[in-house]
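The values are calculated or read from the model by the stated rules, or taken from the named source; none is laboratory data. As the structure is a prediction and not an experimental result, all values here were calculated from the model. Positions of Cβ are generated from backbone atoms using ideal geometry, with glycine treated the same way; all protein chains shown enter the neighbour counts. Please note that ligands, DNA and RNA were not included when accessible areas were found on the heavy atoms of the full protein model with its side chains. Shrake-Rupley method; radii C 1.70, N 1.55, O 1.52, S 1.80 Å.
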Amino acid sequence: MNNNVKTIEEYLSQFSPDEQAVIQQLRDKAKACLPKGFEETILYNMITYVVPLEIYPKGYHVSKRTPLPDFAIAKQKHFYALYHMGYYAKPEIFESFLASYQAKYGKLDMGKSCLRFKKVEKIPFDLLDILLSQISVEEYIKFYEANTTNINARK
């Protein structure tokens, strides 16, 4: 995979038509479910939904000129990955998603903010609205600032 993609079209061109179709379904779901204000871009060589600098000019603490990431879609060698930083803001959202996922699909392969799906049939297109629709840009910024302040205070 090319680690220097700059556009979504360039990112998608790396994959087979079947893989592109899955990624497109995930994009469509994200665009339909994420609250107004998040913007689609390429960040960290993934399709990422961010709080744009026009809304949050402070940017991501790792790099001030980088928009604040919330949700990302990636195709890795052996799986599809969804990265959702927002669910830390409201743990009850993730708990609801996890309970629904396990009831319908079984055990979820996950780690920190990463959800991994080796089989397309296990991607919960029908449940993603639980994760994506419930945290506004404003709520996410407040959560981020509160937790970044705590991180910076410990240094």
Worksheet item: For region 41-81, how many residues meet the condition of being over 19 Å from residue 3 (Cα atoms) and hydroxyl-bearing (Ser, Thr, Tyr)?
Response: 2
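For region 77-155, please list each of the strands (runs of 3 or more DSSP E) lying entirely inside it that holds at least 1 residues being in contact with a helix residue (DSSP H, G or I) (Cβ under 8 Å, 6 or more places away or on another chain), at pLDDT 95 or above and crowded, with 18+ Cβ neighbours inside 10 Å.
80-84
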Worksheet item: With (1) in contact (Cβ under 8 Å) with a residue 24 or more places away in the chain; (2) closer than 17 Å to residue 133 by Cβ; (3) open to solvent by less than 50 Å² (accessible area, probe 1.4 Å) as the list, and residue 49 as the residue in question, which single condition is left unmet?
Response: (1)
Worksheet item: Taking into account only those residues within region 43-76 that are outside any loop (DSSP other than H, G, I, E, B) and of a type in the set (Phe, Trp, Tyr), which is farthest from residue 123 (Cα to Cα)?
Response: 60
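So if I check each of 31, 58, 75, which one is in contact with an Asp or Glu (Cβ under 9 Å, 6 or more places away or on another chain), under 22 Å from residue 111 (Cα atoms) and among the basic types (Lys, Arg)?
Exactly one of 31, 58, 75 is in contact with an Asp or Glu (Cβ under 9 Å, 6 or more places away or on another chain), under 22 Å from residue 111 (Cα atoms) and among the basic types (Lys, Arg), namely 75.
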Worksheet item: Limited to region 20-39, what total is found for residues that are touching a strand residue (DSSP E or B) at 6+ places or on another chain (Cβ under 8 Å) and either of a type in the set (Lys, Arg) or open to solvent by 50 Å² or more (accessible area, probe 1.4 Å) (or both)?
Response: 3
Worksheet, complete the sentence: When (1) open to solvent by less than 70 Å² (accessible area, probe 1.4 Å); (2) at positive phi are applied to residue 68, the one that fails is (2)
Worksheet item: Can you name every residue in region 13-27 that is closer than 20 Å to residue 87 by Cβ and without any contact (Cβ under 8 Å) to a residue 40 or more places away in the chain?
Response: none
Response to the item:
Residue pairs qualifying under the 9 Å Cβ cut-off, at least six apart or on distinct chains, with the first in region 123-135 being closer than 16 Å to residue 88 by Cα and polar (S, T, N, Q) and the second being at pLDDT 95 or above and assigned to a loop (DSSP other than H, G, I, E, B), are 133/34; 133/35; 134/35
